[in-house]
Amino acid sequence: MAAIAEKQQDGIWLRVAPGGNIPLLNSILYCIIEEGLVDEKFIAERTEQFDAVKKHIQDYPPEKVKQITEVDPELVRQAARKYALAENALVLYGLGVAEHKGGTAGVIALANLVLATGHVGRAHNGINPLRGQNNVQGACDMGTLPYTFPGYQPTDDPAVLEKFAKAWGVSSLPVKDGLLEPQMYDAALEGKFKGLYCVGYDPAQTQSNIARVHEALRAMDFVVVQDMFLTETANFAHVVLPSACFYEKDGTFTSGERRVRRVTKVIDPPGKAKADWEIVCLVSQATGYPMFYTGPEQIMAEIARVSPAYAGISYDRLGEKGMVWPCPSPDHPGTPLLHTESFPRGKASFVPVSYIIPEEEADEEYPFVLITGRHLEHYNNGSMTRRCEGFERICPEELVEIHPEDAGRLGIQDGAVIKVESRRAKIKAKALITKRSKPGTVFMTFHHQETLTNFLTSPGMDSKTLTPEYKVCAVRIQT
């Protein structure tokens with residue numbers, strides 16, 4: 001999201017200034033409440049704490065917050081009416097909402113809008129995060145979060161601990177939560193975190209403020225990278241384990257829709273590469289814990305035994321279209337639509353959220369805001385897509401997208417090599433003069449290993465999730 005607001009065909013584009021998501025969303029809710037467009041019946045029957053948000057939101061009229069959002073108040077009011085009065089309204093949000101210091105609060109502000117209008121619990125309504133990579137949902141479902149077991153079962157529940165200890169044939173399991181990723185780097189730099197097993201992930205290129213990540217990786221005693229290709233993180237690894245790509249193995253992906261679908265092996269993996277589950281089993285056996293499976297189907301059966309949401313899902317039932325969890329029993333059809341009658345906690349609670357100032361803002365010394373993101377042609381760190389001749393021909397190198405007004409003022413020609421400098425680093429890349437960037441902002445990706453953009457990015461993080469603030473970073477431009 002970026003800075004002025006413009007009418008787009010039948011829709012409305014609220015081009016918010018970097019970091020202004022929360023005041024913008026609060027001002028939309030302000031307009032909905034002011035014009036009496038809330039769903040009073042839904043609020044009364046299925047929510048609580050609305051009065052607290054109603055009172056809090058009085059500080060966010062669109063005229064007042066324009067100085068932060070840079071959005072025309074009349075367009076905010078039009079958007080509020082359009083959303084509130086729609087028969088069906090679906091909120092889709094991406095990393096431009098989550099990757100801020102106020103990312104969690106921004107998502108809560110979206111949820112407040114959904115609850116105020118009753119756009120939830122019906123087909124073509126609700127709120128849905130667009131995941132950054134395929135199977136992020138499936139990975140979280142399987143317990144990769146440091147504070148849950150598979151199926152989001154809490155690590156501090158004695159019954160859950162007992163169930164998983166029995167399922168995995170051990171006498172006990174840790175009762176203390178693990179570390180979130182940035183906490184691992186903190187602990188490594190303090191000498192308290194000694195080793196990392198990194199599977200299909202390249203933090204040395206894609207994490208924020210990567211100079212600190214590199215320092216932490218060098219401080220560890222043992223780093224294992226399990227991946228298809230030699231990534232930037234593999235440069236820090238003591239051991240690299242070659243894994244198969246999804247064409248080369250059987251298994252499942254779970255999408256953001258919660259739909260579990262089969263992945264079917266097409267060809268054998270090359271050389272010594274193996275499916276990830278096979279590598280994990282071999283490592284486990286080598287370290288003294290026996291782990292044997294005949295294949296992914298048997299693993300899927302174990303998932304169904306230990307995770308209630310997956311209890312009714314099996315390879316036999318997945319077919320071509322897959323199944324959507326929760327699916328609590330073998331005769332259950334799955335649950336494509338959530339929250340039709342109630343929420344997990346009963347009534348949903350409104351939560352007042354305030355504007356959270358980004359870690360860095362443009363100033364006299366660093367007058368531009370750097371926004372990082374992705375190009376259509378490349379995927380994450382580019383380790384796969386940059387090996388595709390067609391994609392690489394379209395998008396072969398890092399570019400600094402800069403508005404014509406800024407380029408003209410600085411004497412920058414299209415295609416010229418310029419320097420982008422933050423408080424942490426300086427890198428060079430070619431300029432792309434384009435109106436896609438608004439005046440005062442520049443845009444770069446993190447796809448290119450030759451130009452590690454994330455040396456520049458902010459140390460700011462969301463206070464709850466520790467998600468880095470990739471979308472706001474103060475920089476200066478030099479020719």
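For the reader, a short list of remarks on this structure follows.
- Test: residue in the stretch 332-345 that is among the charged types (D, E, K, R), modelled with pLDDT of 95 or more, farther than 24 Å from Thr206 by Cα and surrounded by fewer than 18 Cβ atoms within 10 Å (Cβ to Cβ): no
- Taken together, the criteria exclude Pro242 from residues that are part of a loop (DSSP other than H, G, I, E, B) and either within 18 Å of Tyr379 (Cβ to Cβ) or not charged (D, E, K, R) (or both).
- Taking the stretch 35-59 as the range and being surrounded by 14 or more Cβ atoms within 10 Å (Cβ to Cβ) and among the charged types (D, E, K, R) as the test, the residues that pass are Asp39, Arg46, Glu48, Lys54, Asp59.
- Phe443 vs. criteria within 29 Å of Gly20 (Cβ to Cβ) and either out of contact with any Pro (no Cβ under 6 Å at 6 or more places or on another chain) or part of a helix (DSSP H, G or I) (or both): yes
- Failed criterion for Pro129 (all others in (1) buried (at least 18 other Cβ atoms within 10 Å of the Cβ); (2) under 23 Å from Thr206 (Cα atoms); (3) not acidic (Asp, Glu) hold): (1)
- In the stretch 25-68, residue nearest to the chain's Cα centre (by Cα) [restricted to those that are part of a helix (DSSP H, G or I) and among the hydroxyl-bearing types (Ser, Thr, Tyr)]: Ser27
- Residue identified as under 25 Å from Lys438 (Cβ atoms), surrounded by 19 or more Cβ atoms within 10 Å (Cβ to Cβ) and in contact with an Asp or Glu (Cβ under 9 Å, 6 or more places away or on another chain) among Pro62, Pro73: Pro62
- Number of the exception - Tyr470 against (1) assigned to a strand (DSSP E or B); (2) at pLDDT below 95: (1)
- Sole exception among (1) free of Cβ contacts under 8 Å to residues at least 12 places away in the same chain; (2) closer than 30 Å to His124 by Cβ; (3) in contact with a Lys or Arg (Cβ under 8 Å, 6 or more places away or on another chain) for Gly322, by number: (1)
- Considering residues of the stretch 76-115 that are within 29 Å of Ser458 (Cβ to Cβ) and either of a type in the set (Phe, Trp, Tyr) or over 23 Å from the mean Cα position of the chain (by Cα) (or both) only, the residue surrounded by the most Cβ atoms within 10 Å (Cβ to Cβ): Val76
- Here the stretch 137-164 is the region considered, the condition is being touching a strand residue (DSSP E or B) at 6+ places or on another chain (Cβ under 9 Å) and touching a residue at least 40 places away in the same chain (Cβ under 8 Å), and the residue that is surrounded by the most Cβ atoms within 10 Å (Cβ to Cβ) is Asp141.
- Top-ranked residue in the stretch 204-231 [being surrounded by fewer than 21 Cβ atoms within 10 Å (Cβ to Cβ) and acidic (Asp, Glu); ranked as nearest to the chain's Cα centre (by Cα)]: Glu215
- Condition met for Val213 (over 19 Å from Met461 (Cα atoms) and β-branched (Val, Ile, Thr)): no
- Enumeration of residues in the stretch 297-317 that are in contact (Cβ under 8 Å) with a residue 60 or more places away in the chain and either surrounded by 13 or more Cβ atoms within 10 Å (Cβ to Cβ) or closer than 19 Å to Asn135 by Cβ (or both): Glu302, Ile303, Val306, Ser307, Pro308, Ala309, Tyr310
Conditions (1) under 26 Å from the mean Cα position of the chain (by Cα); (2) more than 30 Å from Val65 (Cα to Cα); (3) among the acidic types (Asp, Glu), marked per residue:
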| site | (1), (2), (3) |
| --- | --- |
| Arg261 | yes, yes, no |
| Asp276 | yes, yes, yes |
| Ser307 | yes, yes, no |
| Pro333 | no, yes, no |
| Ser342 | no, yes, no |
| Pro352 | yes, no, no |
| Glu360 | yes, no, yes |
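- Residue satisfying all of: in the stretch 245-270; part of a strand (DSSP E or B) and of a type in the set (S, T, N, Q); surrounded by the most Cβ atoms within 10 Å (Cβ to Cβ) among these: Thr254
- Against the test of being modelled with pLDDT of 95 or more and surrounded by fewer than 21 Cβ atoms within 10 Å (Cβ to Cβ), the options Lys419, Lys438 yield a single qualifying residue, Lys419.
- Scan of the stretch 181-228 for residues that are part of a loop (DSSP other than H, G, I, E, B), more than 22 Å from Gly373 (Cα to Cα) and either among the acidic types (Asp, Glu) or touching a residue at least 60 places away in the same chain (Cβ under 8 Å) (or both), ordered by number: Glu190, Asp221, Met228
- For the stretch 318-331, a tally of residues being closer than 19 Å to Val263 by Cβ and either polar (S, T, N, Q) or surrounded by 15 or more Cβ atoms within 10 Å (Cβ to Cβ) (or both) returns 6.
- The sole residue among Val160, Val170 that is of a type in the set (Val, Ile, Thr), in a helix (DSSP H, G or I) and at negative phi is Val160.
- In the stretch 377-408, the residues that are acidic (Asp, Glu), crowded, with 20+ Cβ neighbours inside 10 Å and assigned to a loop (DSSP other than H, G, I, E, B): Glu398
- Selection within the stretch 122-156 - assigned to a loop (DSSP other than H, G, I, E, B), over 18 Å from Tyr379 (Cα atoms) and among the hydrophobic types (A, V, I, L, M, F, W, C): Ala123, Met142, Leu145
- Count of the stretch 349-405 residues, restricted to those that are of a type in the set (D, E, K, R) and within 21 Å of Gly460 (Cα to Cα), is 7.
- Selection status of Gly382, of a type in the set (Gly, Ala, Ser), assigned by TED's automatic domain parsing to the domain that holds Leu456 and farther than 20 Å from Asn134 by Cβ: no
The values are calculated or read from the model by the stated rules, or taken from the named source; none is laboratory data. Keep in mind it's a predicted model, so treat the numbers as computed, not measured. Positions of Cβ are generated from backbone atoms using ideal geometry, with glycine treated the same way; all protein chains shown enter the neighbour counts.
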